[in-house]
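Each reported figure results from applying straightforward, stated rules to the coordinates on display, with no laboratory input. Fair warning: this is a prediction, and the values are worked out from it, not measured in the lab. Neighbour counts are summed over all protein chains in view; Cβ atoms, including those assigned to glycine, are modelled from backbone coordinates with ideal geometry.
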Amino acid sequence: MHTNEQLIHKFYTAFQNNDPLTMKQCYHPDIQFRDPAFGLLKGEQANMMWKMLLERAKGNIKIAYTDVKADEIYGIAKWVAQYTFSQTNRKVVNYIAAEFQFKDGLIYKHTDNFNVWKWSQQALGWKGFLLGWTGFFQKKIQEKALYSLQKYSEK
């Protein structure tokens, strides 16, 4: 197994164990994380996002991952998050495809891709079903997520 595959396993095992410190240790200091909910996060922002999500889940998040592959430069994995969305108390099962780039033996770029419309239907109910596919609504989701992260980071 390539060392970068081991690094991805370490990252998701830490995620499963509610361990944001170990997750942070897998990231390069100049990490660039991107997903549909938060957009682009850089450096400490990305680490704070994982810490916030795990803290808000209060141990009630289930992470499963599969299909980890990596070489010297690139890596991929599939993962599933099952949790209750804190703002609506609705159950979510989110299927995510992750892509990685490595630098200095650490994850330098991490991109998570998932279907925002499917996520919004689960997390937000009928509003997500009716509007979750629109760019306007997706931008609102991102603005709210970034605002939440900013408030969390300030405390």
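Can you give the relative contact order of region 3-141 as a percent, counting alpha carbon pairs under 8 Å and 6+ residues apart? Computed over region 3-141, the figure is 22 percent. Mean residue ellipticity at 222 nm, helices only, the chain: -14000 deg cm²/dmol; runs of at least 4 DSSP H residues each add -39,500 (n - 2.57), and the sum is divided by the number of residues. A simple spin-label model places pseudo-atoms 7 Å from Cα toward Cβ; at Thr66 and His9 they are separated by 1.8 nm. Strictly over 23 Å apart at the Cα level, which of Lys42/Lys144; Lys62/Lys103; Lys58/Lys139 would you flag in this model? Distance filter (> 23 Å) returns Lys62/Lys103; Lys58/Lys139.
Helix 44-57 and the longest principal axis of the Cα set of the chain meet at an angle near 60°. Dividing the C-alpha radius of gyration of region 3-141 by 2.2 N^0.38 Å, with N its residue count, gives 1.04.
Treating each Cα of region 83-155 as one equal point scatterer and applying the Debye formula with no solvent, the log10 of I(q)/I(0) at q = 0.17 Å⁻¹ comes out as -0.79. Straight-distance candidates among the aspartates and glutamates for linking to Lys118, with alpha-carbon spacing under 15 Å and chain neighbours fewer than 8 residues away dropped: Asp35.
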